[in-house]
Amino acid sequence: MEKLFGTDGLRAIAGQFPLDYESVYVLGQTLIELLQHHGFPTQVIIGRDTRESGVWLEQALVQGIQEKRGEAFLTGIIPTSAISFLTKKYSFSAGIVISASHNPYQDNGIKIFSSQGTKISEDWENQLEKAIKAKRKSINRKNLSLSPMDSFGDDYLKFLKSKFQAPAHFPKFKIALDCSNGASTFFAPKVFKDLGFVVITIGCSPNGKNINDGCGSLHPQTLAQAVIESKADIGIAYDGDADRAIWIDEKGKVLNGDHTLFVLAKFMKERKRLKSSFVVATTMSNLGLEKALEKLELKLYRAPVGDKYVLEEMIKLGTNLGGEQSGHTIFLDDCMTGDGILTSLKMLEVMSCEKALLSELVEDFEEYPQILLNVRVSRKEDFSHFSEISQAVEEVKQNLSDCGRFHLRYSGTEPVARIMIEGRDQNQIETMAQKIAALIHKYLGE
């Protein structure tokens, strides 16, 4: 059976294995057993995003936890990074987030943090998987009365506002926010308003089914239009659980996590806040970022795709800035995982200190033409097993030579093959990508 935990936890269609009630109940039980076995107190904190399935998944988790004499503390709807922060702050033995991030509402997922606010080890994931796959009996569901504690959200808000270090009389920029009808809805607008910014919101009316639906970081066009129409200074778009953020500059141009790393690396280096000459990104980051950082006498280190791999390499290299093109950015001095709202505050700090708009801050970053294609697959079989795919891949690499980059991988969270090609000629790389996409569909497509 295929591995259940991907690069960002367990994810599936809510109600189907391994996100049916019984499996999640078993996961809750097994997590408490693991904590007991390793001598940890059996206190766990749980948060969720706005998906309708989050309510009963939370019930299943808590029932499993309580039946093994564990204790669950609930935050209600809250960003993923808040659970990482709160787990460490209050010395919980584990933190759980019920969310499928940027996926549609039909999906959901479970991410588990250790007592240090980092993702749990692969060994623990394997033990949880083993228990879920071995489950044998149906569960007698209990109708638990669960109430979240508002103080957790208040603590998270205080933490965020404490990280904004702008000058005393900073510009009160007009911000257009797209909260993706997700977890940031109840936090981001308040943070920015409390700090004195003018805030315009879209994607802030969650109903359980509209999370990420034509809005948020995967669909920035609506926000770009709102920025132009409202004459906002910046647009900020989050995904469903608010662990990533992307930008719209004042001209309506979409900017991504590579731009974030460039702006923050330059700012942090100038103020001697960067702890090493390395910035960690992934294999998906644009070659333009690498070239721009070289001009700043900084080195780009590429980790495998997945914020947990970025974090691992940051710790090894002793650096405090890393992230992904998709918008996850990790500030290791502040938090052990990506936090879209925190990243927004950091970008606004740069704009405030430099008295510059976003388009001015990224002027020295020249992106190479890049194409990203996703192909839905029926299974994740090694691409080298198909000679026609292998031959096409070799042709692409030879054509690009030293003037571009090629990367082919499976998503760690979806049944998707991801093709990334960079080069000097947009038409050429699009043709290459379409050829490989067609071959993957031919041999592995749904």
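Numbers at a glance
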{"quantity": "For Ile132, net neighbour charge (Lys/Arg +1, Asp/Glu -1) across residues whose Cβ lies under 11 Å away", "calculated": "-1"}
{"quantity": "Charge context of Ser180, other residues only, Cβ under 12 angstrom, K/R +1, D/E -1", "calculated": "-4"}
{"quantity": "Neighbour-limited loop hits for GluC sites (Glu not before Pro), region 64-166 (at most 14 other Cβ within 10 Å; DSSP other than H, G, I, E, B)", "calculated": "Glu67"}
{"quantity": "Extension gain (nm, one decimal) between Thr283 and Lys251, 0.36 nm per residue minus Cα-Cα", "calculated": "8.6 nm"}
{"quantity": "Charge sum, other residues only, whose C-beta stays under 12 Å from Asn212's C-beta, Lys/Arg counted +1 and Asp/Glu -1", "calculated": "-3"}
{"quantity": "Neighbour cut-off at most 14 other Cβ (10 Å), DSSP loop, GluC sites (Glu not before Pro), region 268-313", "calculated": "Glu297"}
{"quantity": "Volume of the Cα convex hull of region 255-339, divided per residue and given in Å³", "calculated": "77"}
{"quantity": "Karplus-derived HN-Hα couplings along region 47-57 (A = 6.51, B = -1.76, C = 1.60, θ = phi - 60°), whole Hz, x at Gly and Pro", "calculated": "x, 8, 9, 8, 5, 4, 6, x, 5, 6, 5"}
{"quantity": "About the Cα centre, charge dipole magnitude for the chain (Lys/Arg +1, Asp/Glu -1 at Cβ), debye", "calculated": "880"}
{"quantity": "Prolate/oblate/rounded label for region 147-207 (Cα gyration tensor, a/c 1.5)", "calculated": "oblate"}
{"quantity": "Across Lys253/Lys295; Lys89/Lys137; Lys88/Lys346; Lys88/Lys137; Lys253/Lys291, pairs whose alpha-carbon gap is larger than 30 Å", "calculated": "Lys89/Lys137; Lys88/Lys137"}
{"quantity": "Choice from Ile77, Ile315, Ile341 with maximal GNM fluctuation in the chain (Cα, 10 Å cutoff)", "calculated": "Ile315"}
{"quantity": "Pairwise FRET efficiency - Lys3 versus Glu297, Cβ, R0 = 35 Å, nearest 0.05", "calculated": "0.30"}
{"quantity": "Gyration tensor (alpha-carbon) shape descriptor, the chain, a/c threshold 1.5", "calculated": "oblate"}
{"quantity": "Farthest positive-ward along the chain dipole, Cα basis, beta-carbon charges - from Gly445, Tyr90, Phe164", "calculated": "Tyr90"}
{"quantity": "Cα gyration tensor, region 354-414 - rounded (a/c under 1.5), prolate or oblate", "calculated": "oblate"}
{"quantity": "Sum of -39500 (n - 2.57) over DSSP H runs of 4+, divided by residues of the chain (222 nm, nearest 500)", "calculated": "-12000 deg cm²/dmol"}
{"quantity": "Choice from Leu311, Leu74, Leu342 showing the highest fluctuation, given a GNM over the chain with Cα pairs closer than 10 Å", "calculated": "Leu74"}
{"quantity": "Most mobile of Lys275, Lys380, Lys137 in a GNM of the chain (Cα contacts under 10 Å)", "calculated": "Lys137"}
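Here, each number is a calculation from the coordinates, and none is a lab measurement. The structure displayed is predicted, hence computed values, not measured ones. Methodologically, a virtual Cβ is constructed for each residue, glycine included, from the backbone with ideal geometry; neighbour enumeration extends over all protein chains shown.
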